[in-house]
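Novice: This is the structure, below, for whatever I ask next.
The values are calculated or read from the model by the stated rules, or taken from the named source; none is laboratory data. Everything quoted here is computed from the prediction, not taken from an experiment. Please note: Cβ atoms are built from the backbone with ideal geometry, for glycine as well, and neighbour counts cover all protein chains shown. Ligands, DNA and RNA are excluded from the accessible area calculation, which covers all protein heavy atoms including side chains. Shrake-Rupley method; radii C 1.70, N 1.55, O 1.52, S 1.80 Å.
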Amino acid sequence: MSFPPLVPHRGRRFAVTARILSAVVFTFVCYFSIGIPLAVLPGFVHANLGYATVLAGLAVSAQYLATLLSRPHAGRMADAMGPKRTVIAGLIVLALSGLFLALAALVPTMPVLSLALVLMSRLGLGFAESWVSTGSITWGIGGIGGEHTARVISWNGIATYGGIALGAPLGVTLAGHFGFISLGILTFALGLVALPLAFWKARVPPSHGERLPFKSVLSRVMPYGAGLALGSIGFGSLSTFVALYYASRGWADAALSLSVFGGCFIGMRLVFGNTIGRFGGYRVAIASLLVECVGLAMLWLGDTPHLALAGATLTGSGFALIFPALGVEAVSRVSMHNRGAALGAYSVFLDVALGLTGPVGGWVAGRFDYPAIFLLAGMASLAAVALSLSLYLRFGRDEPERESRADARA
């Protein structure tokens with residue numbers, strides 16, 4: 001009887017993982033920068049500048065609007081010009097966004113000017129997010145092959161929410177000790193430090209082949225993007241309003257809930273990331289959305305910080321695999337020459353959901369109080385379950401076998 005060469009296989013998997021990490025490190029830098037002001041910015045706009053909760057939510061959501069507007073261009077840029085140039089452009093804009101944020105902190109006695117600078121910073125950060133994230137994913141896939149798409153997306157997500165989980169409490173600490181200006185200075189420095197790494201990393205040539213019109217790509221990924229959007233409202237609600245939700249009840253450690261969310265997200269990706277290949281993306285998405293819904297219900301009904309923290313735990317655990325589970329299916333609907341465009345189109349739905357969550361959630365909070373935001377997000381998750389189930393019944397019956405073959409090739 002012969003046995004498979006375990007060590008060489010492990011060595012290959014380690015080499016693949018190392019190459020993925022060398023690409024998604026730029027995503028980590030970007031989302032670490034996004035996480036730094038996340039728990040502090042709404043309070044700065046609401047308390048320091050004196051604006052209402054709707055504008056506080058809008059200040060956060062402006063980033064998602066910019067990301068939404070730039071996603072199609074980012075995908076096309078990654079396909080046509082290469083992911084390296086896309087990431088470098090994003091890092092430059094990331095540094096500039098930090099500069100604007102630092103300037104906003106210098107003029108709090110001029111609230112209109114300060115808010116304008118905050119919005120400029122958020123818009124720049126949104127453009128940087130789309131270019132860096134889309135470029136990093138296509139850089140990773142192009143460097144190791146399309147059969148590892150699920151792993152690249154999963155690791156990119158770990159970098160995304162790992163960056164937010166680490167950045168949020170650091171931002172609170174820095175703002176408390178050194179003032180709001182320190183957040184902008186750190187963001188500016190991170191962009192500058194990451195640039196040489198991007199220049200040093202080997203480029204991946206642009207793919208050559210037929211480029212589908214963006215409308216065609218969008219129509220192919222739309223059902224999966226709609227499920228992603230509905231399932232992302234819970235994350236948008238938690239990240240935007242958890243600080244104000246805690247403050248309205250006199251609870252401390254709002255940033256801890258974001259850290260727990262990110263920690264659970266990373267843990268689920270690391271431990272259960274291979275379930276997409278074993279059970280299929282649709283099944284994983286349905287199960288994940290149900291878990292997220294339970295977590296949001298706990299946030300809605302929570303009357304103690306411990307119950308709210310448990311709700312954040314389940315929300316992060318459920319949200320963890322939604323993006324890659326539906327994303328692998330979305331990318332598979334187009335050829336390799338349109339992967340960047342497909343990722344950009346698919347991610348647009350995430351941006352729409354997060355962009356609308358801020359102002360809509362602010363209106364809901366002003367009219368019905370903060371728990372109602374999480375009730376609305378839970379209902380959206382249930383709708384995503386129904387949509388994912390319908391997609392599974394239509395397309396997903398042979399998915400486990402197909403994904404298992406892909407996993408075996410990996």
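Novice: For the range 273-284, enumerate the residues that are touching an Asp or Glu at 6+ places or on another chain (Cβ under 9 Å) and either at pLDDT 85 or above or open to solvent by 10 Å² or more (accessible area, probe 1.4 Å) (or both).
Specialist: Correct list: ASN274, GLY277, ARG278, PHE279, TYR282, ARG283.
Novice: What do you reckon, is ARG71 in contact with a helix residue (DSSP H, G or I) (Cβ under 9 Å, 6 or more places away or on another chain), open to solvent by less than 20 Å² (accessible area, probe 1.4 Å), at pLDDT below 85 and over 19 Å from PRO196 (Cα atoms)?
Specialist: Criteria met by ARG71.
Novice: Would you point out the residue of the range 236-272, among those that are open to solvent by 10 Å² or more (accessible area, probe 1.4 Å) and among the aromatic types (Phe, Trp, Tyr), that is farthest from GLY311 (Cα to Cα)?
Specialist: Checking each candidate, the answer is PHE272.
Novice: Follow-up question, since we're still on this one. Of the conditions (1) surrounded by 24 or more Cβ atoms within 10 Å (Cβ to Cβ); (2) within 16 Å of THR134 (Cβ to Cβ); (3) at pLDDT below 90, GLY167 fails just one. Which one is it?
Specialist: Going through the list (1) surrounded by 24 or more Cβ atoms within 10 Å (Cβ to Cβ); (2) within 16 Å of THR134 (Cβ to Cβ); (3) at pLDDT below 90, GLY167 breaks only (2).
Novice: A follow-up question, please. May I ask you to verify whether SER332 is open to solvent by 10 Å² or more (accessible area, probe 1.4 Å), of a type in the set (Gly, Ala, Ser) and either more than 19 Å from SER154 (Cα to Cα) or within 16 Å of the chain's Cα centre (by Cα) (or both)?
Specialist: no
Novice: Taking the range 356-372 as the region of interest, how many residues are surrounded by fewer than 24 Cβ atoms within 10 Å (Cβ to Cβ) and either among the β-branched types (Val, Ile, Thr) or in a helix (DSSP H, G or I) (or both)?
Specialist: Total satisfying the criteria: 11.
Novice: For the range 26-79, what are the residues that are under 13 Å from PRO359 (Cβ atoms) and outside any helix (DSSP H, G or I)?
Specialist: TYR51, ALA52
Novice: If you check LEU299 against the conditions, is it in a helix (DSSP H, G or I), closer than 30 Å to VAL54 by Cα and either free of Cβ contacts under 8 Å to residues at least 12 places away in the same chain or open to solvent by less than 50 Å² (accessible area, probe 1.4 Å) (or both)?
Specialist: Yes: the conditions hold for LEU299.
Novice: Let me ask something additional. Here are some residues: GLY262, GLY250. Which one is more than 21 Å from GLU129 (Cα to Cα) and modelled with pLDDT under 85?
Specialist: GLY250
Novice: Residues being within 11 Å of GLY231 (Cα to Cα) and either in a helix (DSSP H, G or I) or over 14 Å from the mean Cα position of the chain (by Cα) (or both): count how many of those fall in the range 314-325.
Specialist: 5
Novice: A further question follows. Being out of contact with any helix residue (DSSP H, G or I) (no Cβ under 6 Å at 6 or more places or on another chain) and farther than 17 Å from GLY378 by Cβ is the filter here; which residues of the range 280-319 pass it?
Specialist: Correct list: ARG283, THR304, PRO305, HIS306.
Novice: Let me ask you something else. So which residues in the range 261-281 are assigned to a helix (DSSP H, G or I) and either of a type in the set (Asp, Glu) or closer than 9 Å to ILE158 by Cβ (or both), if there are any at all?
Specialist: Within the range 261-281, PHE265, ILE266, ARG269, LEU270 qualify.
Novice: For the range 335-352, which residues satisfy the criterion of being open to solvent by 10 Å² or more (accessible area, probe 1.4 Å), under 14 Å from the mean Cα position of the chain (by Cα) and farther than 23 Å from GLY267 by Cα?
Specialist: Within the range 335-352, VAL348, PHE349, VAL352 qualify.
Novice: Looking only at the range 283-290, decide whether some residue is more than 30 Å from SER216 (Cβ to Cβ), over 20 Å from the mean Cα position of the chain (by Cα) and free of Cβ contacts under 8 Å to residues at least 12 places away in the same chain.
Specialist: No.
Novice: A follow-up question, please. For TRP139, indicate whether it is assigned to a helix (DSSP H, G or I), open to solvent by less than 10 Å² (accessible area, probe 1.4 Å) and of a type in the set (Phe, Trp, Tyr).
Specialist: yes
Novice: Identify, from the list LEU123, LEU91, LEU113, the residue that is surrounded by fewer than 22 Cβ atoms within 10 Å (Cβ to Cβ), in contact with a helix residue (DSSP H, G or I) (Cβ under 7 Å, 6 or more places away or on another chain) and assigned to a helix (DSSP H, G or I).
Specialist: LEU123
Novice: Need pairs with beta-carbon distance below 9 Å; first residue free of Cβ contacts under 8 Å to residues at least 12 places away in the same chain and within the range 149-167, second among the polar types (S, T, N, Q) and outside any helix (DSSP H, G or I); sequence gap 6+ or separate chains.
Specialist: Taking only residues 6 or more apart or on different chains, not a single pair turns up.
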